[in-house]
Structures are given as C-alpha cells and as structure tokens.
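K.L.:
Take a look at the following structure, please.
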Protein chains: 2
Amino acid sequence: MTQIKSKKFMLLDPVQTDHIHCESCPIRHRAVCARCEADELELLEEIKYYRSFEAGQHIIWSGDKMDFVGSVVSGIATLSQTMEDGRTQMVGLLLPSDFVGRPGRSGAAYDVVATTDLVMCCFRKKPFEKMMETTPHIAQRLLQMTLDELDAAREWMLVLGRKTAREKIASLLAIIARRDASLHLNAKNGPLVFDLPLTREAMADYLGLTLETVSRQISALKRDGVIVLEGKRHVTIPDMERLLEEAGDDSDGGMLD
Amino acid sequence: MTQIKSKKFMLLDPVQTDHIHCESCPIRHRAVCARCEADELELLEEIKYYRSFEAGQHIIWSGDKMDFVGSVVSGIATLSQTMEDGRTQMVGLLLPSDFVGRPGRSGAAYDVVATTDLVMCCFRKKPFEKMMETTPHIAQRLLQMTLDELDAAREWMLVLGRKTAREKIASLLAIIARRDASLHLNAKNGPLVFDLPLTREAMADYLGLTLETVSRQISALKRDGVIVLEGKRHVTIPDMERLLEEAGDDSDGGMLD
DNA sequence: CGTGCGGTTGAAGAGTCTCAACTCGAGTGG
DNA sequence: CCACTCGAGTTGAGACTCTTCAACCGCACG
C-alpha cells in the first residue's frame, strides 16, 4: 500500500549480497543453520542464494506458490493477513535470523513485506526439504525457533484480546526496547534508546488499532513522561519498570528456560 | 474458577486409563507418535503413563515445574494466560492428539484446564527429550504439529485484532463445526450439528469479549437464522456458507497443502 | 513552491463493556 | 414432593473506549 522508495534507504545497502560464506555470516549462530556442522554448512552453501529487497517491497504475496524458504539476514519485514474488505492484521515481525516459509507447504499463507531494506538468504525448497529429513540439526533448530514463535504469538494474543490501547502501545514499545537491548548488549541500567522500525499505521496493524489511536496513545505516554520522543521515531525509555507497569506486564518479564 | 464436579461427567469415563497399547491407541496416527515405527513405539511405551482429569480440573498451573510432556488422548482442555488483575485470554484449545508442554523448558508458560473429563498420555520429560535427539520421527512430527499450531494462532490473531463481536462468534462456531465434521466424517452436505464444548465465559476468554457480549451475539445469530439453538449448547448450522460470510472469512476456507 | 506522505489532533458516533435484574434447569435437603 | 440454592445464561440501560471522519502540520522530494 505504501511503497517507500527513498534513496536514503537505498544507499545503506546493509550487506554485500553476492558472496557470504556461511562461516562468516552475521546470523550464523542464530538462524536455522545454528546447529549445523561445517560439512552440513557445505551442503547448505550449494542450495542457497541471496536476494535483496527495498523498503516497502513485497517479498511474498499470500497465496503465491513458494519455491524457496529462507532466513532474514539483515533488515526487518512484517508478516500479515488481510481480509477482503481491507482490514489487515500483522501476525509477525521478522528480524535478522528469523525464518520465512513453511517446509512441506507449497503456497504462502501470509503477505511478507520489507519495512526496511532487507537481505534474505534463500534455500531452494525441494532440496531444503530433503535436507531436513537427513540432517536432524536443521529440523531440531527449526523446531526450537517455531516453538519460540508460537510462544510469541500466544503472548500477542493476550495483548490483542485483553489489553487496552494504552497497554498495547506500552507492550509494543517494551518488546522493541527489549529486543534492541539484547541486540546491542548495552549497559543494561542506562535509559533505553531506540528508533521505531514501524510507521504508525504498521503499529496499528500489529496492535489491532487504528493509526489515530496509536498516535493519540503515544502522545499520551509522552505527555505522562513514560517515554521521551525526539522527532517521530526516536524513543527514549527513562524507566523500563514504569513502561512495563503501563503495559500491564508483571514485573521481571517472567524468564522461563 | 468454576469447578465442575458433577457426577454426570464422572460416569462417562471415556477411556480405560490403565493399559492402552500404543498400537491400539485412538490417537496413534495423529499425535507426536504418528510417524513412529513399531520399535520406536516400544521405547515410548517405557516412558509413558496415563493420567485422568475431571472436568474443571487444572492440569497444569502457569509457572509450575513440568516433569512431563504429553498428548491429549480424549477430552478437551484449554490453554490460557491470566494477568494479575484477572483478565484472562485463552491462547489454545487442546483436542485429542494435541501436544502439551515444551521440550527443553522446565517451567509451564500457561494454565491448562480440562473443560471435559480428560485422559492424557504423559511422557517423562527427560527421557522424552533424549528420545527426541535420537529419534528423528518424533521431532519431525512435533515440528509439523507446532507449525500447524502457529498457523492457527496467527489465524486467531486476525480474529482477535480485527473482527467484530459478531464475526468473532461466527468464526468460533465455524471452527468448531469444521473440526467436528472432520472428526465424525459426516456426509458433508447435510446441515452440521454439534454441541458447544465451551461455556459462554470460556468463549468470551477465547474471543477477547465479555460473556454478555457473547450471549448477545449468539442470540442475534439465532434470531437472524444463521444458527439454530436447542437448549444452550446444541447448535445446528443450516448453511455453512452463510456462517462463513458472517465470519468475514473468504469462502472456501483456503486450503493450503 | 506545490504535492504527497507520515503524523497529530478534534468532534461525533458506534460498538462493546459494566452493572444489574432476571430466567431456567439441575441438584439438595427437609 | 416441593421449596431452596446455585451456576449458566439472557437481557436491558447507561457509561466509556475506541473508531470514524475531517482538518491540519511539517518535512522531503521533484
């Protein structure tokens, strides 16, 4: 719907798309291939290729035939569903190392759209499926990742079904803040700072709200000092505890191992 | 919250809980063990045991330590999350053959409650995890099942985030009707008939509504002839197409293989 | 300098929730 | 056998949250 083609984004082409060796791949230890041994990586090398997408580009259309699966190497994409009348719900946020596509199914179930410039490591589907049967390390890792996604989806169902608009926004900010912290491994006590990777509309689609409500609630959280905004996208969280209270989340974020 | 202990339910003890051999198990070909060979089943026999629960009983408390995983053999259970202030959201409906628990994690993330009398086939967790590493058939099947659940969860996110109360109810009825049809393999053209396995409150928790709204919308669908109600739980769907329209679902239920 | 897009804000309205009263049927006890 | 209780479910009235429709801002880009 909204195609971002600005040259600003095109400039920062984040990864040399031609020849990355798995060994030196930035997501080597977090993607489907995380558990693979050197010889297994060799097999993957042979069935993989890279594709780059610009911000705003559709990567996959729901219903299309899929001849590949793959991993996000860099950039961010969204997974979403749309009803005939245009109502859309985001059902996943794809970050580097996240897996795209479903082995054993020929059609795509969701739309996948790049929200930033993005690089994908694609595997030809047929050979990948064959490899899944012969290489337990891949299936094992994929299972782990799928279970994590399922947990995330269920967490999100609570947000969608039972939280107020204000709590929804706070929850989204908390999630983005947390992931950003774990990515940059900041000194964890300082105030968290990050840029929102989503437009107000995309946030609304994630949260089951309208973009106006998103805007209003962000303004309210800013007015109440829960967050500090510079420009439209740059966010500072002075007090994470406070934000979590606003999100209705119980304190310490319930770590389960 | 509402413990059903009626003797009526206790009478129909649906499965002989003591000695089921995997070979003759009713969920043999749909559960985690679906792909297992005879020798693999032998290994499972050794680490499994059965537990029965009465309608209303808590099977697992969120946060508790889990020393088993398992499959629902008969009966229905719900998976749900609760916030401190009592708001609860159902995040899954467990039917016969569905898997419970997460290998590789020690704590339970959700409450699991039996809504009918229920029998579970439990596997001791440690040996099961060991078996997952040595028996690809189990991990493969579990991956398949987890991917299905993830799709269901995402489908549900659309319902929670974007559908109206009326559409939500219609969606739930459609899902229950569909599963019931696939279970009983009815002549598929006749009007669908089934009993609601959930109270109004449970439906509300599933749909992110209040029980009053659920009741009102069911009454409205009845008044408009979309469904026929006998008593509070017995439902007839005269026209499935019509119901799907009401659910906002695109026609033919988009079968992907 | 106009145009387009992301974002903000206001006013009015619709949809859902809250609170409350009531019905119905099943089980209980005198 | 009947009055009683208790839980599930229904229905109504009013309150409140969020949406809808609309105007407007500001920045980037051509």
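The values are calculated or read from the model by the stated rules, or taken from the named source; none is laboratory data. Here the structure is a predicted model, which means the values were calculated and not measured. Here Cβ is always computed from backbone atoms with ideal geometry, including for glycine, and neighbour counts include all displayed protein chains. Heads up: the accessible areas ignore ligands, DNA and RNA and are worked out on the full protein's heavy atoms, side chains in. Shrake-Rupley method; radii C 1.70, N 1.55, O 1.52, S 1.80 Å.
K.L.:
Ignoring ligands and nucleic acids, what accessible area does A:L209 show with a 1.4 Å probe (Å², nearest 10)?
P.N.:
30 Å²
K.L.:
Could you tell me the distance between the Cα centroids of region B:170-234 and region B:38-92, to the nearest Å?
P.N.:
Cα centres, region B:170-234 to region B:38-92: 25 Å.
K.L.:
In nm to one decimal, list the spacings between the A:G107 label point and its equivalents in the other copies, with label points set 7 Å along Cα to Cβ, shortest first.
P.N.:
Shortest to longest, the spacings are 4.1 nm.
K.L.:
Report, in degrees rounded to the nearest 10, the 0 to 90 angle that the Cα long axis of helix B:165-184 makes with the longest principal axis of chain B.
P.N.:
Helix B:165-184 and the main axis of chain B meet at about 50 degrees.
K.L.:
Let me ask you something else. Using modelled backbone amide H atoms (1.01 Å from N, in-plane), which distant-in-sequence or interchain residues come within less than 5 Å of B:L192's amide H?
P.N.:
Result for B:L192 returns B:I237.
K.L.:
Averaged across orientations, what area in nm² does the convex hull of the alpha carbons in the protein assembly as shown project?
P.N.:
25.1 nm²
K.L.:
Now for a different question. Per residue of A:70-83, count partner chain C-beta atoms within 10 Å of its C-beta, then hand back the mean as an integer.
P.N.:
Partner Cβ neighbours, averaged per residue: 1.
K.L.:
Is there a pair in B:K168/B:K232; B:K48/B:K130; A:K163/B:K222; A:K125/B:K163 whose C-alpha atoms are over 24 Å apart, and which pairs would that be?
P.N.:
Checking Cα-Cα distances, A:K163/B:K222; A:K125/B:K163 exceed 24 Å.
K.L.:
Using θ = phi - 60° and the Karplus curve 6.51 cos²θ - 1.76 cosθ + 1.60, what whole-Hz ³J(HN,Hα) does each residue of region B:67-81 get, with Gly and Pro shown as x?
P.N.:
For region B:67-81, the Karplus curve yields 10, 8, 10, x, 10, 6, 8, 8, x, 10, 9, 10, 10, 8, 10 Hz.
K.L.:
Provide the buried accessible surface between chains B and A in square angstrom, both chains summed, 1.4 Å probe, rounded to the nearest 100.
P.N.:
So the total buried area for this chain pair works out to about 4700 Å².
K.L.:
Considering only protein heavy atoms and a probe of 1.4 Å, how much of the accessible area of the protein assembly as shown is carbon and sulfur, as a whole percent?
P.N.:
Carbon and sulfur atoms account for 52 percent of the accessible area of the protein assembly as shown.
K.L.:
Shifting gears a bit: Give me the one-decimal nm value for the distance between modelled label points at A:T134 and A:V193, 7 Å along each residue's Cα-to-Cβ direction.
P.N.:
5.1 nm
K.L.:
Which whole-number percentage describes the relative contact order of region B:163-246, with Cα contacts under 8 Å and a sequence gap of 6 or more?
P.N.:
Relative contact order, region B:163-246: 39 percent.
K.L.:
Report relative contact order for chain B in percent, whole number only (criteria: Cα-Cα under 8 Å, sequence separation at least 6).
P.N.:
Relative contact order comes out at 18 percent.
K.L.:
Residues with beta-carbon under 12 Å from that of A:Y110, excluding A:Y110: net charge, scoring Lys, Arg +1 and Asp, Glu -1?
P.N.:
Around A:Y110, the surrounding residues sum to -1.
K.L.:
Going by a 1.4 Å probe on protein heavy atoms, which residues of region A:160-177 end up with at least 50 Å² less accessible surface in the whole assembly than in their chain alone?
P.N.:
A:L160, A:R162
K.L.:
Can you give me the Kirkwood hydrodynamic radius for region A:7-158, using every pair of distinct Cα atoms, in Å to one decimal?
P.N.:
About 16.1 Å for region A:7-158.
K.L.:
How far, in nm to one decimal, is A:P238 from itself in the other copies if the label point is set 7 angstrom along Cα toward Cβ? Shortest first, please.
P.N.:
6.3
K.L.:
Let me ask something additional. Could you tell me the accessible area of B:I47 in Å² (1.4 Å probe, neighbours in place), rounded to the nearest ten?
P.N.:
20 Å²
K.L.:
Can I ask one more? Can you tell me the accessible area per residue over region A:164-247, all protein chains present, probe 1.4 angstrom, in square angstrom?
P.N.:
Ligands and nucleic acids excluded, the figure is 51 Å² per residue.
K.L.:
For region B:97-202, what relative contact order do you get, as a whole percent, if you take Cα pairs closer than 8 Å and at least 6 residues apart?
P.N.:
Relative contact order here is 20 percent.
K.L.:
Could you pull the Rg and Dmax for chain A, using just the Cα atoms, both in Å?
P.N.:
Values for chain A (Cα only, Rg and Dmax): 19.0, 57 Å.
K.L.:
Could you work out the local net charge near A:L229, counting Lys and Arg as +1, Asp and Glu as -1, over the other residues with Cβ closer than 14 Å to its Cβ?
P.N.:
Neighbour charge sum, excluding A:L229 itself: +3.
K.L.:
Enumerate the amide H contacts of B:V69 below 5 Å, restricted to partners 5 or more residues apart or on another chain; note that Pro and chain-start residues carry no placed amide H.
P.N.:
Placed amide hydrogens put B:F123, B:K125 under 5 Å from B:V69.
K.L.:
Which longest run of chain A has no exposed loop site in it, a site being GluC sites (Glu not before Pro) in a DSSP loop with at most 15 other beta carbons within 10 Å, and the site itself not part of the run?
P.N.:
Within chain A, the longest run free of exposed GluC sites (Glu not before Pro) spans A:85-257.
K.L.:
Under the rule of at least 5 residues apart or a separate chain, name every residue whose amide H is placed under 5 Å from the amide H of A:G56.
P.N.:
A:I4, A:A114, A:T115, A:T116
K.L.:
Find out how many positive minus negative residues lie around A:Q81, taking Lys and Arg as positive, Asp and Glu as negative, among other residues whose Cβ is under 10 Å from that of A:Q81.
P.N.:
0
K.L.:
Tell me, what HN-Hα J-couplings in whole Hz come from the Karplus equation 6.51 cos²θ - 1.76 cosθ + 1.60 at θ = phi - 60° for each residue of region B:197-203, using x for Gly and Pro?
P.N.:
Karplus values, whole Hz, x for Gly and Pro: x, 10, 6, 4, 5, 5, 4.
K.L.:
Under a cut-off of 15 Å between alpha-carbon atoms, report the aspartates and glutamates in cross-link reach of B:K65, not counting same-chain residues fewer than 8 places apart.
P.N.:
Once the sequence-local aspartates and glutamates are set aside, what remains near B:K65 is A:D257, B:D111.
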